[in-house]
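One structure is given here, and the rest of the page talks about it.
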Amino acid sequence: MSEEKMLVDVRELKQYFPVRTGWGKVLPLKAVDGVSFTIRHGETLGLVGESGCGKTTVGRTLLRLYKPTGGEFYFDGELVTEKNMPSLRKQMQMVFQDPYSSLNPRMTVEDIIGEPLDVHHLYSNKAERREKILSLMETVGLNAEHATRYAHEFSGGQRQRIGIARALAVNPKFIVCDEPVSALDVSIQAQVVNMFEELQEKLGVAYLFIAHDLLVVRHISHRIAVMYLGRMVELADADEIYDHPMHPYSKSLLSSVPIPDPRIARERRRIVLSGDIPSPLNAPSGCPFRTRCPYGQDDCAECMPELKEVESGHFVACHHMEDAARMKEGVQLR
Amino acid sequence: MSEDMPKKNPLSLQIDLKKFEPATEEEKKQQDVMSKSTTFFRDSMKKLFRNPLAVFSIIVLVLILLVIIFAPMIVPYGYSEMLKFNGTKDKTAMNLAPFTYSVNEQKYMAEHGVKLFPHIFGTDELSRDYFIRVVYGTRVSLAVGFFASLIVLVIGVLYGSISGYCGGRVDLIMMRIVDVIYSLPDMLVIILLSVVLKELLDGSTGIIAKLGTNMVSIFIVFGMLYWVGMARLVRGQILSVKENEYVLAAKSIGTKSSRIVRRHILPNCLSVIIITTALQIPSAIFTESFLSFIGLGVAAPMPSLGSLANNARQGMQSYPYKLMFPALTICLIVLALNLLGDGLRDALDPKLRK
Amino acid sequence: MSEKILDVRNLHTSFRTDAGEVRAVNGVSFNLEEGKSLGIVGESGSGKSVTAYSILQILTGNGRVTGGEILFRGEDILKYTPQQMRQFRGKKCSIIFQDPMTSLNPTFTIGNQLMEAILLHTDRTKKEARDRAEELLTLVGVNEPKRRLKQYPHELSGGMRQRIMIAMALSSEPDILIADEPTTALDVTIQAQILELMQELQKKIGMAIIMVTHDLGVIAEMCDEIIVMYGGRVCERGSADDIFYGPAHEYTKGLLRSIPSVNGQKEKLIPIAGTPINLLNMPKGCAFCSRCDNALKICLEEVPEEELVSPGHYASCWLNVKKRMEGSGEAAS
């Protein structure tokens, strides 16, 4: 694995936020606590988990929208630091979740897509700028006549296209997609998902695709990572993780996904987890999942399980690996 | 499920088979028209002009503005000029009722067969034309209101946006300063300042002397104290705008802070700033009128609506109209500005937008 | 066939806005049987929530039901007096909303709010109401109900709040429970909990459920009958199997094609082209015609009527008419 040069190589990424709790007391909120993963050129890594698991924070920390508390991030073999980030920004971009709040309502489409060009001085004259913007709009399937319109005049799907065009403006190699289809209607989701795939084929960009819609993630991703309370609990190929989830959390997560097929839905058994996700401010000791885990044992509280390669390319963080084999026969998505 | 729903068989014989051919792409496209392009500003203005109260206020304000600009050119009297007859003060021209002439003037008109310009609002106790005094008073009041609001606007927006955008410790310190300023008694400061300024500025000439030290201290106090409300508002607005994902998006592109504030944050605070400024003007006018009324306003003989009302108070029983004219003018201006501000808020506030 | 509890006929609801009248619901008919669950599915702006709100007459501001009938056990509730309507809302039909964060009042404790609902709709003493509140919380699977009653909404998680909303809706033992996107704001594992709970409660209490959602997965798991809406009209309605395995309207077909397959085959998704409909700018004919691949000329001109496809399965699509015409033509020749 290490022989191949990775585009994105994240090692032990940590992101703590200070939270004030009364008189001068500051507690660290461990949003991301030691997460490592790699993404190859032109690959899509899906990142799934429930709200508060830190998946959005991972994406934002990679783009230095937050200053990381710890860990290293190698981009294309180069260690990303505060110093070289401004130049690296041209190669990393982000698509945001909410197509309504991610576009400035007082700017025209042309100016929104043109902003990265302005910031990085990527054109020599006005005509070139316009030409670039129009070709970007064409790439994402927007009508060039609409360049002078304001973002609020477009529907959700079209707005998300504008956001994608903005991300593509600097020719990035890597795009963090932070729940890019969650706010869209089902019929529009497919349009946008298809576009992400086409862009990858055409431009060879790599994605970190953050989402909570597990069916969409499976469709678009090559590999999938599952996060729980700031930690990665499982990482494997997309089909492998869906067909043979090993970590008890991944299993119940996958079994909870509502299946749009009444016959399957009627026959299938859900593994319904009891209880709520604990607050990251007072996460349980040891394995963060043990409070809700159906297989939880006493020794789970003692130390944090490491992410271990159980099978080739399939990583799981669980103390009871001997049970993992047994769990494998458990519930499957189908 | 029951079958008793109303059903109609659409398969009547007269149906045109041509209609059942596939539609072409163009035909489908025609169905899909995007609504007409409007900018936020144009849309807001349309909304504003559909609000009858706002339109009424705009008309009133424009009329008042026209009067105070052009009346001094037409009316042949000055605001500090006592009516004279044959080079001496016309004693018969004191406290005339509206549209009347003094005894001397009537005599003059009868002799020469000419018509003198009427005293629309009558005259005051020093034989000065009252209409022109009210006009000048309105000028002063409006100018004070406008410039005071301008000062508030500039300082408030600057201070608020720095505090809001920087956040953290900077914000904490800047807002504590605001809290301290909030706790200063404004009237006391105005009075103290005007006493101090009187010594400092005595003997100076020009516009300052004409307006009087009181007026200068009002401006200073507005500049020093009254911007805090605006600053707090702008800060709050920026804090909420800052949370929007487009600001994060701009950061992820690599946009510099100054550009983010200029292009992304301030334009989205604009409506709140405009509304607050529009509502700040009448409150400044009120403050000025109040100060003039208690004798801390403009220096005589320069009138302001407040000082005119104060002077009229003494002869209220005999000449009630002298109180009525300036008081009505204040009411009209303040009411119109408030209604306009309300109209602007309805038109600009995106939260009320559907 | 069990008894019809709700029969909606040709319902019309409009909103007045600055830009003109918006016809959010345009001739919707359906019925709900005792103890069954009905799903209303559609994208944003399809009128699915407005339909639900019209039943309860809780339209916001400038919305009004402009036509049609809503028969509850044979009585037209649109003709109810305000007092009767209040009775209906409380005792016969309750609603839970999408966002459990904002549908509870943050200034009162859970117990306060729950007991208020109980006292309002039943004649219990305060003490009995408290016992009933505890009972309800146990019913909806809230642990330590005694302690929860004293807590404020902000102390609870989203899933817990949605459970409390359900408890409140059930406090008056309604015959119909309307759930407006009850799990959209929740995480997948919590969503599973809530759906499970609703199914259990339905078995236990036997109320009818109207489930409004955009998630086909939730619909497939929860509902016996399904209504598919687009642009304020019903495209198709029928049993879950009819809709999922034999869709008879082009929109339903497109919708089912555009979701990623369950068994992970990586074929390209087939999206529905175009953009969602603008309610201010409704086409003359079928609302879906501009996005429909197989649209006919007549689709642009005339609104298709609802007709029977198979027993209990209705669709409004001109293509079905065409197919039948061709079929009957062949048979005649």
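In table form, for the structure just shown:
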quantity	calculated
Calculated [θ] (222 nm, deg cm²/dmol) that DSSP helices of n ≥ 4 give over chain A, each run adding -39,500 (n - 2.57)	-9000 deg cm²/dmol
Projected label distance in nm at C:Lys204 and B:Phe290, using a 7 Å step from Cα toward the beta-carbon	6.2
Sequence-distant residues sharing a close amide H with C:Cys317 (under 5 Å, placed H)	C:Glu307
Calculated [θ] (222 nm, deg cm²/dmol) that DSSP helices of n ≥ 4 give over chain C, each run adding -39,500 (n - 2.57)	-10500 deg cm²/dmol
Gaussian network model of chain A, springs between alpha carbon atoms under 10 Å - residue of A:Ala206, A:Ala236, A:Ala183 with greatest fluctuation	A:Ala183
Cα-Cα over 27 Å, subset of C:Lys253/C:Lys322; C:Lys4/C:Lys253; C:Lys126/C:Lys150	C:Lys4/C:Lys253
Over 31 Å (Cα to Cα) - which of C:Lys48/C:Lys91; A:Lys55/A:Lys90; A:Lys25/A:Lys308 fall in this group	A:Lys25/A:Lys308
Phi-based couplings in Hz for the stretch A:214-230 (Karplus 6.51, -1.76, 1.60; Gly and Pro marked x)	5, 5, 5, 4, 4, 5, 8, 8, 7, 10, 9, 10, 10, 10, 9, 6, x
All aspartates and glutamates inside 15 Å of C:Lys79 as judged from Cα atoms, apart from same-chain residues fewer than 8 positions distant	C:Asp7, C:Glu69
Taking chain B and dividing mean pair separation by its residue count, relative contact order in percent (alpha carbons under 8 Å, at least six apart)	22
Fluctuation leader among B:Arg313, B:Arg235, B:Arg128 - chain B, Gaussian network, Cα springs under 10 angstrom	B:Arg313
Candidate aspartates and glutamates - alpha carbon under 18 Å from B:Lys242, same-chain residues fewer than 8 apart omitted	A:Asp98, A:Glu115, B:Asp171, B:Asp349
Phi to ³J(HN,Hα) by Karplus 6.51 cos²θ - 1.76 cosθ + 1.60 over the stretch B:283-293, Hz, x for Gly, Pro	5, 5, 4, 4, 4, 4, 4, 5, 5, 5, 5
Integer Hz, Karplus 6.51/-1.76/1.60 couplings in order for the stretch A:272-289, x for Gly and Pro	8, 6, 8, x, 10, 5, x, 5, x, 6, 10, 5, x, 5, x, 5, x, 8
Neighbour cut-off at most 12 other Cβ (10 Å), DSSP loop, GluC sites (Glu not before Pro), the stretch A:1-96	A:Glu3, A:Glu4, A:Glu82
Protection proxy ranking, peptides B:64-74, C:131-141, A:249-259, average beta carbon neighbours within 10 Å, highest first	A:249-259, C:131-141, B:64-74
Trypsin sites (Lys or Arg not before Pro) lying in DSSP loop within the stretch B:254-306, provided at most 12 other Cβ fall within 10 Å	B:Lys256
Amide proton proximity set for C:Ile58, modelled H, under 5 Å, gap of 5+	none
For chain C, average projected area of the Cα convex hull in nm²	20.1
Gaussian network model of chain A, springs between alpha carbon atoms under 10 Å - residue of A:Asp237, A:Asp111, A:Asp276 with greatest fluctuation	A:Asp276
As computed over the stretch C:106-173, the Cα convex hull volume per residue (Å³)	72
Chain B: calculated mean residue ellipticity at 222 nm from DSSP helix runs of at least 4, using -39500 (n - 2.57)	-21000 deg cm²/dmol
Aspartates and glutamates whose Cα lies under 15 Å from that of A:Lys30, excluding same-chain neighbours fewer than 8 positions away	A:Glu12
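We did not get these values from a lab; they are worked out from the coordinates using the rules stated. Fair warning: this is a prediction, and the values are worked out from it, not measured in the lab. Positions of Cβ are backbone-derived with ideal geometry, glycine not excepted, and every protein chain shown enters the neighbour counts.
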